[in-house]
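The values are calculated or read from the model by the stated rules, or taken from the named source; none is laboratory data. Everything numeric here is computed off the predicted structure, so don't read it as measured data. A quick note on method: Cβ atoms are made from the backbone with ideal geometry, for glycine too, and the neighbour counts reach across all protein chains shown. Accessible surface is based on the protein model in full, side chains and every heavy atom, while ligands, DNA and RNA are left aside. Shrake-Rupley method; radii C 1.70, N 1.55, O 1.52, S 1.80 Å.
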Amino acid sequence: MIFSRRHFLSASAGLATAAVLTGCGSNTGSVSTGSKSSAASGGSGKIVQWYHEYGEKGVQQAVNRYAKDYKDATVTVKWNPGTDYMKLLSTTLLSGSGIPDVFESEYGATLDMIQKGQVVDLTDTIGDAKSKFSKPVLDRMTLDGKVYAIPQVVDMQLLYYRKSALEKAKLSAPTTFEQLVETAKAVKTKEMGGFFAGNDGGVGVLGNLLIWASGFDQLNDDHTDVAFMEQAFFDAVAAYRDFYKSGALLTAASKDWFDASPFTNGETAMQWGGLWSLGDISKKWKDDFGVIPFPAIGKSGKQAVPFGAYGSCVAAKGASNDVEAAKKYAKWLWVDQTDKQVDFANSYGTHIPSQPDLTDKCSQINNGAGKAAAEMVDKHGKAASLFWTSKISDAYSAALTNVVKKGADPKSAFAGVQSTAKAELKRVNK
């Protein structure tokens, strides 16, 4: 497997990036600077465009085809194989040499790219089409009112459940965490667990969800402090600790949460997983499954789903040294060419187009569980803040583990996270 969309989607939900397997495929090598390129026919201008290696078969051929259709410039697509595309991209931007004119980046431009002036403002480029994009997704690619990337395609996580198991227990799909615990206990048998979210007990993948589902954001509006140091959050973490110890939470399965096998094998009645598993689950259980967001925790809680989306950025100093031409191409592909966006989302795995109105044209998600999942992003979508650095994330994950698995006091454990976050945010706020 390669580190791809599922890699950064998982990281946004709280997992350490090195521990997450992602998209389909078998390449496990490192990024090669000898990446494959494909020149496309077009106008007299020249544009270099970068993609990371998608695991799904046919994506490379598709993006080359899209580039070839562009008539106002010759677009050369560079396909970057391996597991560390973002590291290669960052190094290239810093070096000032061989910088692509247009490139995709996890969740759009990073804070570093924006603060160092490596990418240009695309607010006017996207223009009136702004309202066509999923608001949570576009918001994640925006800083101080300026859009720095155009969303390409969306992945997400969600909760799968067996309808027949819940019906047998005379229960409906849970909308609150209290109901989730009740349901997991009711459907659990000697052969089947109640709920599964990973062989670590869900501490990794559900980490940030405990913030969002209890009704809080990671950080305050001016990015100077965490925004969850409240009793309702401490209670949420304590509630998850109780669930972890209850026996209704399956903590050892044949595969981890990102693989549908525990759910399709009947090892669990409910599983936290990814949209990428929808096809396998549909094939196995037909109509005997449903999908829901992560349930709300406590009185102030809200249902939530994490999403991930690569965004198309334009370099301030790209190979062609023609920012306007690069912006024009990015708009043509990711704003105007809706047929290509549908193809990109629908033909190579299961994904959601970044423009919600296109969902009905995607056969995998325009009905049933797929449609329900797609609608969750606009209603309940969450992603890690631009300012949620790896240092803050690591501190948060360690504190959560100490509370859930070692019984530490939540308020005391997360006080350390707050201290780390304040120092980090002071460093990165410029």
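Computed quantities for the displayed model
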item	result
For region 124-172 and region 361-401, distance of Cα centres in Å	7 Å
Lysines whose Cα lies under 20 Å from that of K426, excluding same-chain neighbours fewer than 8 positions away	K116, K391
The chain: angle of helix 390-406 to the longest principal axis, Cα-based, in degrees nearest 10	10 degrees
Helix 368-380 axis, angle to the chain major axis (alpha carbon atoms, nearest 10°)	80 degrees
Dipole of region 90-205, positive direction: furthest Cα of I126, P136, V187, with charges on the beta-carbon	V187
Two-decimal Rg to Rh for region 111-164 - Kirkwood Rh, Cα set	1.17
Distance from region 215-258 to region 285-299 (C-alpha centre basis), Å	17 Å
Rg ratio (alpha-carbon, reference 2.2 N^0.38 Å) - region 154-305	1.03
Neighbourhood charge, 9 Å Cβ-Cβ cut-off, centred on A62 and excluding it, Lys, Arg +1 and Asp, Glu -1	+1
Rounded percent of accessible protein surface that carbon and sulfur make up, the chain, 1.4 Å probe	47 percent
Å² per residue, accessible surface of the chain at 1.4 Å	41 Å²
Mean Cα-pair separation over length for region 125-227, i.e. relative contact order, pairs under 8 Å, 6 or more apart, %	10 percent
Length-normalised contact order for the chain - Cα pairs under 8 Å, 6+ apart - percent	22 percent
q = 0.23, 0.25, 0.33 Å⁻¹: log10 I(q)/I(0) that the Debye formula gives for region 267-306, counting C-alpha atoms only	-0.85, -0.93, -1.24
Simple Cβ-charge dipole of the chain, Lys/Arg +1 and Asp/Glu -1, about Cα centre, in debye nearest 20	500 debye
Close Lys-Lys pairs in region 292-371, where close means Cα under 20 Å and separation is 8 or more or interchain	9
Convex hull volume per residue for the chain, taking Cα atoms only, in Å³	127 Å³
Helical mean residue ellipticity (222 nm; -39500 (n - 2.57) per DSSP H run of 4+; nearest 500) of the chain	-11000 deg cm²/dmol
C-alpha long axis of helix 59-69 to longest principal axis of the chain, angle in °	40 degrees
Histogram of C-alpha separations across region 337-430, 5 Å bin width, %	2, 12, 16, 12, 9, 9, 11, 13, 12, 4, 0
Region 97-233, Cα convex hull volume normalised per residue, Å³	187 Å³
Packing rank of 54-63, 368-377, 270-279, where each peptide gets the mean count of other beta carbons within 10 Å, highest leading	270-279, 368-377, 54-63
